[in-house]
Amino acid sequence: MSSPDAVAAARNKTLILVLCCLAQFMVILDVSIVNVALPSIRGDLGFSATGLQWVVNAYTLAFAGFLLLGGRAADLLGRREVFAGGLLLFAFASLLGGIAQSSGTLIAARAAQGLGGAVVAPATLSILATTFTEGRERNRALGLWGAMGGVGGATGALLGGILTQTLSWRWILLINVPIGIIAALAALHVVARGRRDAEARKSFDLMGALTVTAGLVVLTYGIVETDTHGWGSSRTLVTIALGLALLATFTLIEGRLAKHPLVPLRIFKSRPVSGANVVVFCMGASAFAMWYFLSLYLQQVLGFDPIEAGLSFLPMTLTIVACSQLASRGVGRFGPGLVLTFGMVLIAFGMLGLSQISADGTYWVDVLVPSVVTAAGIGFSFVPVTISATQGVKGPEAGLASGLVNTSRQVGGSIGLALLATVATQRTNDVIGAMGPKVALTDGFQRAFVVGAGFALVGAIVSGTVLARSGRDAALAAAEAERA
């Protein structure tokens, strides 16, 4: 390749990386940007205490349920076209949510946003996996991409607070409209047209996507409703059983019935892929809920306004950025498994620290240090878990592997938030008569943080036992090949 051609190729790779990171930032941002705005949304549209979490879960459940379909769509229909189409859908759904006049309309718009995000997120990772060479170059790209996921989660609180207080909570959605349209147009010019599998397109596994989405929604709804009906009620047991039955049907479709399944079960024969998806599920269950409860604690207990609450997350944002870069370097030296184990342990310790919050506490004493420790754990986890989940996966299944890791994180976030919110609400209701509103609310948050720490600890154990050795061996082999 001539020198001008090499420069042009390098410039194009940089533009693709910037575009994919921007898209990932926007998609992950919208998981957390609503957290600080939740009290304002509740007052404006009349949500109940338990119904409020559907503003978050409508997005994450649609995101999780259709990520697998989005990942396969990127491989089968063309990464560039799917990427641009997903961005446009995301922008349109954001517009509908921004002008919503009822709780039902907002939830529907958030679900449509989740569908758009489910198309965009795996497409970005698939584009990166096929654009950058496996090894140091791809690890660097994935490191920056992973950092955007972590930064998006942390920045959402800050940006959401600023927009909510200075303009309106509606602008946390409307801001996506111009960004999504511009990014879609840029994608059509920057990203190369990928190959399409015409035969596979004839048998698109829509039933698989519908059953897994329905199963996740029904299962989450069953968990949420335990706040009203209790865990032992027939309604709760039937709802949860129905959700599990739908997920079992999804497994049957993938293993026996679908000609071109969303998830060919053979992919789980890969030890890194299976282990990474378990770990990222646990990470989602703890980290997603942490943003939710910490936002409510800062505003409803400590009395912060939206901007103050958003600024409180700034140290976490900076910590995630710094630790994501350290993680991408550490992966090359120690392997993704060891770095990921370290990150999950930090999340567990940080969540345990947050479980010590008090009704008469302060940000500097109760929140700052444990939140920064948790953020460091998130930064050290995002990059290695992504690398582990896609390690050794060949081009045709890159979209599938990326869809799986994103799905596991979103499923973990949705189910974890539903479970922890139920635990917190039940604990608050049990003690509110004896303790008073603020103390009871704080007691519920404490219980949720303890359960979240348990999820992170399970993820650390799985990472340490399943991923550490295989990741170290793979890193050494890659380094040796690069030297050769």
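Bear in mind that the values in this text are calculations on the coordinates, not laboratory data. Predicted model, so just to flag it, every value in this text is computed and none were measured. We place every Cβ from the backbone using ideal geometry, glycine too, and count neighbours over all the protein chains shown.
Across every pair of non-identical alpha carbons in the chain, the mean reciprocal distance, once inverted, gives a Kirkwood radius of 22.3 Å.
Fewest-first ordering of Phe382, Phe66 by other beta carbons within 10 Å of each residue's beta carbon gives Phe66, Phe382. Only residues of the stretch 51-94 count here: report those whose backbone N is under 13 Å from the spot 7 Å along Cα→Cβ of Ala192, or say none. Counting backbone N atoms under 13 Å from the label point, the list is 79-80.
A full extension of the chain between Gln300 and Thr251 corresponds to an added length of 13.4 nm, given 0.36 nm per residue minus the alpha carbon distance.
Each 5 Å bin from 0 upward holds the following percent of the Cα-Cα pairs of the stretch 244-308: 4, 14, 12, 13, 15, 10, 8, 7, 8, 7, 2, 0. Legend: ranking of residues Tyr59, Tyr363 from fewest to most surrounding C-beta atoms inside 10 Å; resulting order Tyr363, Tyr59. Between Ile181 and Gln101, what FRET efficiency follows from the Cβ-Cβ distance if R0 is 25 Å, with the result rounded to 0.05? Computed FRET efficiency for Ile181 and Gln101 comes out at 0.60. With a Cα cut-off of under 20 Å and a minimum spacing of 8 residues unless on different chains, the lysine pairs in the chain number 4.
Just so you know, the averaged projected area of the alpha carbon convex hull for the stretch 206-257 sits at 3.2 nm². Peptide packing: for 335-341, 214-220, the average count of neighbouring Cβ atoms within 10 Å per residue gives the ranking 335-341, 214-220, highest mean first.
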